Amino acid sequence: MKTTTAGCSNFQKTMAGPSRRDMVAIGALGMGGMSLPSLLRAEQAAGIASSHKAVIMIYMVGAPPHQDMYDLKMNAPADIRGEFKPINTPVPGIQICEHLPKLASIMDKLVPLRSVYGSPNGDHDSFICYTGRTKLNQPPGGWPSIGSTVARLMGPVNKSVPPFFGLAPNAGHPPYGSPGHPGYLGVANSAFRPSGPIRDDMRLGSIQAGHLTDRNALLNSFDAMRRELDASGTMDALDSFNRQALGILTSSRLVEALDITREPQALRDKYGQGDPKNYGDGAPRNLEHFLLARRLVEAGARVVTLNFGRWDFHSSNFSECKNTHFPWFDRGMHALITDLHERGMDKDVAVVAWGEFGRTPKINKDAGRDHWPQVGGALLAGGGFRTGQVIGATDRDGARVAQRPVHFGEVHATLYKHFGIDPRTVALPDYTGRPHYLVDDRHPLPELA
C-alpha cells in the first residue's frame, strides 16, 4: 500500500491518546489532504446534497449456498449439483436458480458476483461483510463497519435522521444480530437500531420540547473536566448521543419514515410482510424491513444494514432454501430494486446482498452444505453500476475461483467510491492516534464503472 508520510508524526502518539490540537489535525483526515469540508463540498458539487448517495446492505445471516442461487453447476456430479435447475433471464447467457424467478426477471438491473473470497476460516460472523476485512491484526478498538465510517466522514443529511441504521434485532448468535460495529470510531458512530420498542419510545407523548431543552441545559451544566479526563472519548460520545436524541425527539421526520403505513397498500403488498420473528438463532425474514430501508434512505440515511434469515443449512439445504428462504428473499429484493428504479433512486442507492462465505460443493449425508470459505457469492444492484453482467466464475464444482477473484474489500472500495470517498487516500485514526486507510490495498471493481 502506498503510504503518505506528510503529517504522520502528528498521528504517532502514545497510548495516552492524542492532544486536542492533534485531534483537530486528525479531523482534517490528513492522509490524502481531503478535509471534511472538502468532502462535503465535493458531495454538493456532485449533486449528492440534494439526493444523497446511500447503501443498503443485506447480510444473509449464516451464509447462503452460492451454487444453489447464482452459480448452478449442472455439469457437476449429482452429489454436487443438487436438486435445483437454472432458468433463463432477460440477459442472454445469465441463468440463476428456478426458485428465484422474480430476481431472474430483473437480471438487467443486477450483478451476480460468483467469485467472492476473503473469509479466513469459515467462522460465522457478519464482520467481514460489514468491514471488508478479517478480524486478524486489528488496531486498538477494532475495524469499523462501513456504516460507522460513512457516519464519521459524512455525518447526517438531516440532523433528525441518523446517517447509519441497523435493521437487526438481537439474535441468539450475537454476530447474527450485529448491524456492523463502530470499532475504533467509537459508540457515537454506532448504528441507530429502530427495531423493537424503541419506535414507541421515540414518540414525544406529553413531553414538551421546552422540557427537553431544560434537560439539555442541565446536562451541559456538568463539569466539563470529566470529559477531559476520559481519554477514550466516552463522554464526548455521550454528548453526541444527547444531541442526536434531542434532534430525533423534536422532529417528526424519523418517526414518519418508520411508519410504513404511509405507503400505498398496493406497494406494501408488493413487498409483503414476511416473518418478524427471528429464524432460530438468526435474524427475521421480515420483508417490511426492505421497505423500511428504502424509506430510511429517502428520509436521509446514508447506510442501512438489514439482517435477513438464517442460511446455515447443514441439513435439509434444498427444502430450507425452497420453502423458507428463497421465496421471501426473492420477493423482498425484487420489490426493493424495482421500487428504487421506479422512484429514480437506482443511481444514488447501491444495494449489496451477501453472506460471510460460501457452502461446500459436496452435499453431506443430511442433504446439507457445510462451511466453505474458499469462495462464495453476492448480488449487487443500483449505485449507477453497469448491471446486467456477471463478475467472476468458479470451477466445475463451484469449489474454487476460476476467473476474476473478488475480495470483500474490493466491494467495500466500490461502495466508498459510490459515496465519492477515495478509500486509498482517506484515513481515520484509531484510539492511539494512528491513521488507517478505509480498506486494505483494494481497488473498486472496474467492471461496474
Task: Partners for residue 109 among lysines (Cα-Cα distance below 24 Å; same-chain residues under 8 apart left out) - done: 53, 73, 85, 270, 322, 347, 417
- [ ] Rounded to whole Hz and in sequence order, give me ³J(HN,Hα) for region 65-76 from the Karplus expression 6.51 cos²θ - 1.76 cosθ + 1.60, θ = phi - 60°, writing x for Gly and Pro.
- [x] x, 4, 7, 10, 10, 10, 9, 5, 10, 6, 9, 7
Task: Placed amide H near residue 285: partners under 5 Å, 5+ positions off or other chain - done: 275, 277, 279, 309
Task: Efficiency of FRET between residue 345 and residue 370 - r from beta-carbon atoms, R0 60 angstrom, step 0.05 - done: 0.95
TODO: Return an integer: the convex hull volume of the alpha-carbon atoms of region 373-449, in Å³ per residue.
DONE: 114 Å³
Task: Cα convex hull of region 259-336, projected area averaged across orientations, nm² - done: 5.6 nm²
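How large is the direction-averaged shadow of the alpha-carbon convex hull of region 86-131, in nm²? Walk me through the numbers before you get to the answer.
Details: hull surface 18.0 nm².
Value for region 86-131: 4.5 nm².
Every number in this text was worked out from the coordinates using simple rules, so none of it is lab data. This one's a predicted model, so the numbers in the text were calculated from it and none came from an experiment. Cβ: placed from backbone, ideal geometry, glycine included. Neighbour counts: every protein chain shown.
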